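Read through the structure below, which is laid out as structure tokens, and then see the notes.
We did not get these values from a lab; they are worked out from the coordinates using the rules stated. Note that the coordinates shown come from a computational prediction; the quantities given were computed from them, not determined experimentally. We place every Cβ from the backbone using ideal geometry, glycine too, and count neighbours over all the protein chains shown.
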């Protein structure tokens with residue numbers, strides 16, 4: 001037998017529909033506007049992200065404690081047993097525009113994880129990405145002036161596996177080029193590539209492909 005579904009619209013009760021109409025209408029206004037449950041109006045300002053445990057929107061300034069970046073806004077979600085998740089946003093999308101996540105597991109705050117880390121040079125970021133169940137970290141390495149056969153050594157404490165890498169060179173001839181780079185049939189002087197292992201990264205470049213080198217790596221840790 002076919003089932004008929006009717007769309008129901010919430011309607012504010014008339015005075016004759018309830019004995020205590022003042023209480024009923026007050027609760028209705030909260031539900032209708034969503035203002036009393038963290039989903040309406042302005043975000044609540046906090047000075048410590050560890051105290052922003054009420055479900056709903058919040059914001060913070062440059063002097064806020066336990067914030068991964070200055071000035072931001074976020075939302076706290078809670079399911080059960082004192083476990084919280086905070087989604088954090090930098091409203092200035094024209095600059096870094098960071099997006100990050102924090103979790104409270106019932107006893108402690110876990111490390112901040114980044115959706116789009118700002119990739120400052122030499123800074124390690126724990127990402128929201130996973131590789132075979134392990135958290136993936138990323139770091140941007142300044143390799144200095146890259147010449148043919150140059151090897152740049154780097155060390156990451158606790159790194160267990162290199163997941164992937166990306167390299168680029170800023171050249172005088174071509175500007176920024178991503179590696180590997182092979183310029184048609186113009187010969188080895190226009191060719192550049194990068195190789196990596198667990199302890200070092202190296203470059204092979206031609207005379208016309210020398211320049212400032214950068215390497216971004218993604219890896220797991222112990």
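Before moving on, here are some points about what is shown:
- Packing order of peptides 78-90, 210-222, highest average first: 210-222, 78-90 (average count of other Cβ atoms within 10 Å over each peptide's residues).
- Hydrodynamic radius (Kirkwood) for the stretch 121-222, which is based on Cα pairs only, to one decimal in Å: 14.2
- Distance from the Cα centroid of the stretch 44-120 to that of the stretch 202-222 is 33 Å (rounded to whole angstrom).
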